[in-house]
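Here is the structure we will look at, set down as structure tokens.
The values are calculated or read from the model by the stated rules, or taken from the named source; none is laboratory data. What you see is a predicted model; the values in this text were computed from it and never measured. Here Cβ is always computed from backbone atoms with ideal geometry, including for glycine, and neighbour counts include all displayed protein chains.
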Amino acid sequence: MKCAKLMLTAAVLTLLGTSCLAVIVPLSSSFRVGFYNQTCPAAESIVRSTLISRFQSDIRLPARLIRLLFHECFVTGCDGSLLVTSTASNQAEKDAAPNLNVAGYDAVDAAKSALENACPGVVSCADIEVLLAREAVSLLGGPNITVPTGRLDARSSSASLAASTLPGLGTSVPGMIAAFAAKGFTTQDMVALLGAHTVGAAFCNSFSYRLYNFKGTNQSDPSMNSILLGKLRTVCPRSPVNPDPTVALDQGNNSINAFDSSFFRELLNGNGILEIDQAIAVHNQTAAIVAAYAANSTSGNSTAGNITVVPSLNFGSNFAQVFVKLSMLDVLTGGNSSATIRKNCAIIS
């Protein structure tokens with residue numbers, strides 16, 4: 001596989017490192033850091049202000065925006081297609097089964113409205129998604145990430161394509177690695193992206209089978225910490241309830257709104273909520289990466305239990321690298337007749 005030829009500013013080059021970047025759109029005059037500096041100088045600060053103002057009344061919003069970006073970019077690239085509302089003639093991505101619990105659309109709409117007032121018809125919905133997620137990571141104490149802008153919005157959106165592309169909850173580690181590899185991500189990239197679960201939450205119905213009937217055994221998942229199992233059974237009863245309760249994916253104390261490596265340390269203690277999260281802590285292709293992030297190893301070899309830690313891995317910096325990589329997937333840029341800048345993110349124009 002050939003690497004995409006990139007002409008990067010020093011800031012972005014530092015984040016991306018030197019790894020091969022498959023399906024990454026090269027930077028150009030129409031896709032670069034600071035693309036709106038002349039046409040809408042306040043664009044990025046308007047997005048930031050929108051998030052901060054809404055965060056006051058919705059502390060879970062940043063996590064939702066990070067998840068929204070992944071579900072957006074992983075299907076047809078970062079092109080705003082997830083934001084489109086279905087019509088009588090087309091079922092859009094938003095209504096695909098894996099996307100039914102995706103949230104944060106209201107923040108995108110609010111930022112879009114503010115930007116249309118300041119700079120009509122200039123800033124795309126796709127860029128707003130990326131900028132909101134970038135600000136969300138920073139707001140929760142994660143790395144400050146420099147991203148290029150200049151994305152355009154797609155003129156199509158397909159629920160069936162989203163359903164067939166996004167990895168399901170029961171995907172195995174090898175299956176997840178393959179799904180990410182198909183998008184140009186390495187195994188380390190995959191583990192780093194799953195690390196966003198450090199601020200995530202899950203509905204009970206997405207993991208309750210681990211509590212009561214794992215793989216048809218009518219028993220709990222033996223890999224789950226017994227103390228956590230008891231705790232979760234008090235929150236998530238065997239018979240579903242409405243509304244379905246949610247549980248933090250990072251079981252570290254006071255860590256639900258902190259973008260840190262606590263999530264990986266909890267996995268080493270058997271405190272993973274989702275099956276795939278716990279599985280990456282023990283699978284031979286991912287365990288050393290998880291251990292490295294848990295230890296926050298920056299140099300030299302070390303061990304976590306009987307797992308040799310991969311040297312020179314840091315979750316914050318690695319996540320920043322893969323965030324940029326994700327944000328550059330299959331971007332639509334100037335001169336593409338299949339792209340536009342929507343005035344209303346939910347309606348294809």
Matching entry among GLU129, GLU135 (being assigned to a helix (DSSP H, G or I), farther than 26 Å from GLN91 by Cβ, among the acidic types (Asp, Glu) and assigned by TED's automatic domain parsing to the domain that holds ASN37): GLU135
Residue check, GLY170 modelled with pLDDT under 95 and not aliphatic (A, V, I, L, M): yes
Candidate set from region 33-50 (those that are touching a strand residue (DSSP E or B) at 6+ places or on another chain (Cβ under 9 Å) and part of a helix (DSSP H, G or I)); member that is surrounded by the most Cβ atoms within 10 Å (Cβ to Cβ): ALA43
Which numbered condition SER164 fails, given (1) over 30 Å from ASN271 (Cα atoms); (2) more than 15 Å from the chain's Cα centre (by Cα): (1)
LEU100 under 25 Å from ALA192 (Cα atoms) and touching a residue at least 12 places away in the same chain (Cβ under 8 Å): no
Every residue from region 265-288 that is more than 19 Å from the chain's Cα centre (by Cα) and not in a loop (DSSP other than H, G, I, E, B): ARG265, GLU266, LEU268, ALA287, ALA288
Subset tally (residues that are in a loop (DSSP other than H, G, I, E, B) and basic (Lys, Arg)) for region 313-349: 2
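For (1) assigned to a helix (DSSP H, G or I); (2) farther than 21 Å from ALA136 by Cα; (3) at pLDDT below 95, each residue gets a yes or a no:
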| position | (1), (2), (3) |
| --- | --- |
| ILE66 | yes, no, no |
| LEU69 | yes, no, no |
| CYS78 | no, no, no |
| ALA103 | no, no, no |
| ALA110 | yes, no, no |
| GLU116 | yes, yes, no |
Of all residues in region 51-63 being assigned to a helix (DSSP H, G or I) and farther than 18 Å from ILE145 by Cα, the one that is farthest from the chain's Cα centre (by Cα): SER53
Long-range neighbours under 6 Å by Cβ, at least six apart or interchain, first residue over 13 Å from ASP79 (Cβ atoms) within region 312-335, second in a helix (DSSP H, G or I) and among the hydroxyl-bearing types (Ser, Thr, Tyr): PHE315/TYR293
